[in-house]
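The values are calculated or read from the model by the stated rules, or taken from the named source; none is laboratory data. Keep in mind that this is a model prediction, so the values were computed, not measured. In this analysis, Cβ positions are derived from the backbone assuming ideal geometry, glycine residues included, and neighbour counts consider all displayed protein chains.
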Amino acid sequence: MTRSPGLLVGLSCTALLLCAPVAASAQVSQPAALNAYNYALRCFAANTVTVSDARYNPNRQNDASLRQAAQRAYNAAQVMGGRLGYSGDRIAADITRSGNVEGDRMLRDDAYFQRTRADCIRLGML
């Protein structure tokens with residue numbers, strides 16, 4: 001299996017973000033922070049879609065773990081957005097926009113949804 005360079009940068013940034021938040025601010029470059037931010041937004045949307053997908057949440061039995069994963073993605077978006085200098089309003093708007101755009105795409109394109117889920121699972125945000 002080949003991994004995209006963007007995913008590897010996202011994984012690296014997320015690992016920095018989750019494991020060493022203080023040191024990460026000095027080590028994460030602007031493009032890497034933007035990539036991590038975009039993955040966090042996408043993973044938040046993927047969690048939203050997953051909650052309503054009976055394949056992954058039969059009888060709503062996985063609601064708690066999916067909500068925790070969504071919280072991790074949300075927190076990552078907040079931190080990385082802050083590191084990018086984005087305002088809280090900008091981050092909230094990006095989360096909403098991503099949920100609408102990405103969520104709709106995931107609902108229409110199951111292959112995209114499956115790839116996104118796999119990426120987000122590797123990132124620890126699903």
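Could you list, ordered by first residue, the pairs with Cβ atoms under 8 Å in which the first is in region 110-126 and at pLDDT 95 or above and acidic (Asp, Glu) and the second is in a helix (DSSP H, G or I) and surrounded by 15 or more Cβ atoms within 10 Å (Cβ to Cβ), at least 6 apart or interchain?
Between residues of region 110-126 that are at pLDDT 95 or above and acidic (Asp, Glu) and residues that are in a helix (DSSP H, G or I) and surrounded by 15 or more Cβ atoms within 10 Å (Cβ to Cβ), the close pairs are Asp119/Leu7; Asp119/Gly10; Asp119/Tyr39; Asp119/Arg42; Asp119/Cys43.
In region 84-100, which residues are of a type in the set (A, V, I, L, M, F, W, C) and farther than 18 Å from Pro31 by Cα?
Ala92, Ala93, Ile95, listed by residue number.
Given the options Arg72, Arg3, name the one that is within 17 Å of Thr116 (Cα to Cα), basic (Lys, Arg) and either at pLDDT 95 or above or under 16 Å from the mean Cα position of the chain (by Cα) (or both).
The match here is Arg72.
So, in region 81-126, how many residues would count as being on the phi < 0 side of the Ramachandran plot, more than 13 Å from the chain's Cα centre (by Cα) and not in a helix (DSSP H, G or I)?
Adding up the residues that qualify gives 4.
Look through Ala40, Ala45, Ala32 and report the one residue that is surrounded by fewer than 22 Cβ atoms within 10 Å (Cβ to Cβ) and of a type in the set (A, V, I, L, M).
Unique residue meeting the criteria: Ala32.
Is it fair to say Ala70 is outside any helix (DSSP H, G or I) and of a type in the set (A, V, I, L, M)?
Against the criterion (outside any helix (DSSP H, G or I) and of a type in the set (A, V, I, L, M)), Ala70 does not qualify.
For region 56-63, indicate whether the set of residues that are under 14 Å from Tyr39 (Cα atoms), surrounded by 15 or more Cβ atoms within 10 Å (Cβ to Cβ) and of a type outside the set (Lys, Arg) is non-empty.
no
Residues to consider are Arg72, Arg90; find the one that is surrounded by fewer than 13 Cβ atoms within 10 Å (Cβ to Cβ) and among the basic types (Lys, Arg).
Exactly one of Arg72, Arg90 is surrounded by fewer than 13 Cβ atoms within 10 Å (Cβ to Cβ) and among the basic types (Lys, Arg), namely Arg90.
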